[in-house]
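Working notes, structure below.
The values are calculated or read from the model by the stated rules, or taken from the named source; none is laboratory data. Since we're looking at a predicted model, the values are computed, not measured. Here the Cβ positions follow ideal geometry from the backbone for every residue, glycine too, while neighbour counts run over all protein chains shown.
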Amino acid sequence: MIKKDINQNDILNSELLNIMDYDFIFHEKPINRIKTKPTLENSKSRLYILKSKIENIENCDLKKNASKIVFADGNIESPIMIVGEGPGQKEDELGKPFVGDAGNLLNKMLKAINIERNKTYITNVVNYKPPNNRKPEPNEISRYSEFLKEHISIINPKILILMGSTAMEAMLGSNKKISQERGQWKEVIIKQKNYQTIVTFHPAYLLRKPDQKKFSWEDLKIIREEIDNKNIKI
């Protein structure tokens, strides 16, 4: 007869289960705790909820002075997400970011590195037109940055492009100078996830300062190189 050693902990655990009077089922197969990749429908649902939150925002001077929300444009499954400043007059009329002269220049900039605009996803820091086309104020940037972070989390891009000082301020802080920060890869952490991020000039700024286009071209080449090196499919 083979004598089996009895572990005292096993006895205690068995007694505890009996006292609790629960039915336990044990499996050899490990539990899968890895979260599945969000589905397209799930992303659409989350975007709808986010847009509704912004539409229902209260005590907002931006919303009071705008005719409609300017939420986003492009492919929600794109690995490239572009963040601009805020809507201008044309954007406010059409409810779409980056239209008019600045939008046309953005299209040309993307095309220069073999990217079609409709293959990217585009939004702004604030979703309503500031009065008199002024720059969003720090308190507005701070308030809307929470929506922006949620937006980025939903799209989950492989590359995040911040165009202009307002986008840079929303994601990197207000103590930065765009001339010093542009063209460098940085990591933005949102909900414990790192997003590879780069800052460059806003197309509207380049229309006013065409001599700065040469720097944006350098930034664009850096972005293209990263896309190729990481074999990112657009």
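Number of residues in the range 143-161 that are touching a Ser or Thr at 6+ places or on another chain (Cβ under 9 Å) and either in a helix (DSSP H, G or I) or among the small types (Gly, Ala, Ser) (or both): the value is 5. The residues on offer are Ile76, Ile82, and the sole one that is in a loop (DSSP other than H, G, I, E, B), under 11 Å from Tyr121 (Cα atoms), at pLDDT 95 or above and touching a strand residue (DSSP E or B) at 6+ places or on another chain (Cβ under 8 Å) is Ile76. Ile178 meets the conditions (1) touching a strand residue (DSSP E or B) at 6+ places or on another chain (Cβ under 7 Å); (2) in contact (Cβ under 8 Å) with a residue 24 or more places away in the chain; (3) closer than 26 Å to Lys213 by Cβ in every case but one. The failed one is (2). For the range 79-107, filtering for residues that are in contact with a Lys or Arg (Cβ under 6 Å, 6 or more places away or on another chain), touching a residue at least 24 places away in the same chain (Cβ under 8 Å) and on the phi < 0 side of the Ramachandran plot leaves 3.
Of all residues in the range 162-186, those that are hydrophobic (A, V, I, L, M, F, W, C) and part of a helix (DSSP H, G or I) total 6. Set side by side, the residues Leu62, Leu50 differ, and just one is part of a helix (DSSP H, G or I), under 14 Å from the mean Cα position of the chain (by Cα) and not charged (D, E, K, R), which is Leu50. Considering the conditions (1) buried (at least 19 other Cβ atoms within 10 Å of the Cβ); (2) under 18 Å from the mean Cα position of the chain (by Cα); (3) not basic (Lys, Arg), Glu77 is excluded by exactly one of them, (1). So, Ile115, is that one surrounded by fewer than 21 Cβ atoms within 10 Å (Cβ to Cβ), in a loop (DSSP other than H, G, I, E, B) and under 14 Å from the mean Cα position of the chain (by Cα) or not? No; evaluated as a whole, the condition is false for this residue.
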